[in-house]
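Asker: This is the structure, below, for whatever I ask next.
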Amino acid sequence: MKIAIDFGHGTGEDRGANGYKNEELTVREYGSLVVKGLKKLGHLVYNVTPMQNGMSLIQSLAYRVSMANYYKVDLFVSLHLNAFNGKAYGCEVEYISDKGKEYANKICDEISKLGYKNRGSKYRPNLYVLKNTNMPAILIESFFCDNKRDCEKYNKYKLADAIIKGVTGESVDLQEDNTKQNIDIPSINHSIENNSYVVWQSSNGLGYLESIPQKGRVIIHLDKYNYISLQDHEKEGNHIRLYTRTKGWKDLI
């Protein structure tokens, strides 16, 4: 399945709520695990969150919608935290279509298993990101960031897994493996790869640039083991990924 994930707010006039937790920071914390888990289960995931600063509210919302429509995804998921008066609590998921309601109900059920009150699925026909996307779309209000009890229940791994299970019906292990393993770390090697994709190399022998058009990928190298890969590809997805010689790799977005 092709899924668009939107980390709500985070630019210019489009700001999230504050309480015992900051909505923007918390959404990006558990949201990155949602992306990781969906990919681990074999789904193609597009992060449609705007990266530009200083956007107006309508620009921010329109970017998320237009990217999801451009990628022709099967499901649009917008991640948020709720806020009201400090007394409201629980999870709810907003939808506009019948298929969206099915996902909303399942996700509410899974999040409520973590101890949050199930406020249920909410029909919200006037929400921009729901009414302008061309596929089933949902907006998840995982809990209230201005309610202390809700915030005390928060566990980024459990919340991300609950959302993933609500979407896919499958659970995934998101915990970092901290066990020590005997891993052979290669020696430092600043040599430049000799292949047809190298389009530029520094005159002093350190650093080069690869361009792989059939993968929609450009790779900025320190050397063969340390580099940043930037990709935007119809089938393999969009990423900015950091690779290191000693610590493996991680997705930056």
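Asker: Please list, short to long, the whole-number percent of alpha-carbon pairs of the stretch 67-174 in consecutive 10 angstrom bins beginning at zero.
Answerer: Once binned at 10 Å, the Cα pair distances of the stretch 67-174 give 16, 46, 31, 6.
Asker: Let me ask something additional. Can you give me the % of accessible surface on the stretch 1-146 that is carbon or sulfur? Probe 1.4 Å, all protein chains present, nothing else counted.
Answerer: 49 percent
Asker: Full extension from Gln214 to Lys153: what is 0.36 nm times the residue separation minus their Cα-Cα distance, to one decimal in nm?
Answerer: 17.4 nm
Asker: Over the chain, give the accessible area per residue in Å² for a 1.4 Å probe, as an integer.
Answerer: 53 Å²
Asker: Next question, about the same structure. Using only helices, what value at 222 nm comes out for the chain when you add -39,500 (n - 2.57) per DSSP H run of length 4 or more and divide by the total residues, to the nearest 500 deg cm²/dmol?
Answerer: Calculated from helices alone, the mean residue ellipticity at 222 nm is -8500 deg cm²/dmol.
Asker: Apply the Debye scattering formula to the stretch 56-100, with a single equal point scatterer on each alpha-carbon and no solvent, then give log10 I(q)/I(0) at q = 0.25 Å⁻¹.
Answerer: -1.04
Asker: For the chain, what's the relative contact order in percent, using C-alpha pairs closer than 8 Å and at least 6 residues apart?
Answerer: Computed value for the chain: 18 percent relative contact order.
Asker: Please list, in chain and number order, the residues 5+ apart from Ser97 or on another chain whose amide H is under 5 Å from its amide H, with Hs placed from the backbone.
Answerer: Result for Ser97 returns Ala137.
Asker: A further question on this structure: If you take the beta carbon distance between Asp232 and Lys113 as r and set R0 to 51 Å, what does 1/(1 + (r/R0)^6) give as a FRET efficiency, to the nearest 0.05?
Answerer: Using R0 = 51 Å, I get an efficiency of 0.90.
Asker: Between helix 23-40 and the chain, what is the angle of the helix's C-alpha long axis to the longest principal axis, kept within 0 to 90° and rounded to the nearest 10?
Answerer: Orientation of helix 23-40: about 60 degrees from the principal axis.
Asker: If you don't mind, there's one more thing I want to ask. Modelling each spin label as a point 7 Å along the Cα-to-Cβ direction, I'd like the Ser66/Lys131 distance in nm, to one decimal.
Answerer: 2.0 nm
Asker: For the pairs Lys101/Lys131; Lys2/Lys40; Lys2/Lys165; Lys99/Lys165; Lys99/Lys250; Lys39/Lys156, flag any whose C-alpha to C-alpha distance is greater than 23 Å.
Answerer: The pairs that break the limit, which is 23 Å between Cα atoms, are Lys99/Lys250.
Asker: Can you compute the modelled spin-label distance between Asp251 and Leu25, with each label point 7 Å from Cα toward Cβ, in nm?
Answerer: A separation of 2.3 nm, rounded to one decimal place.
Asker: Most fluctuating residue of Lys158, Lys72, Lys224 in a GNM of the chain with Cα springs under 10 Å: which is it?
Answerer: Among Lys158, Lys72, Lys224, the largest mean-square fluctuation in the Gaussian network model of the chain belongs to Lys224.
Asker: Relative to the longest principal axis of the chain, what angle (0 to 90°, nearest 10) does the C-alpha long axis of helix 98-112 take?
Answerer: 90 degrees
Asker: Would you mind checking which residues have amide H under 5 Å from Phe144's amide H? H placed 1.01 Å from N; only 5 or more apart, or other chain.
Answerer: Distant-sequence amide H within range of Phe144: Asn82, Gly90.
Asker: Taking the 0 to 90 degree range and rounding to the nearest ten, how far is the long axis of helix 156-168 tilted relative to the main principal axis of the chain, both from C-alpha atoms?
Answerer: 80 degrees
Asker: Then there's this: Tell me, what is the FRET efficiency for Asn105 and Ile188 to the nearest 0.05, using R0 = 51 angstrom and their Cβ-Cβ distance as r?
Answerer: My answer for the efficiency is 0.45.
Asker: Then there is this: Looking only at Asn204, Asn238, Asn47, which one moves most when the chain is put into a Gaussian network model with springs between Cα atoms under 10 Å?
Answerer: Asn204
The values are calculated or read from the model by the stated rules, or taken from the named source; none is laboratory data. Predicted model, so just to flag it, every value in this text is computed and none were measured. Please note: Cβ atoms are built from the backbone with ideal geometry, for glycine as well, and neighbour counts cover all protein chains shown. Side chains are part of the model used for accessible areas, which takes the heavy atoms of the whole protein and leaves out ligands, DNA and RNA. Shrake-Rupley method; radii C 1.70, N 1.55, O 1.52, S 1.80 Å.
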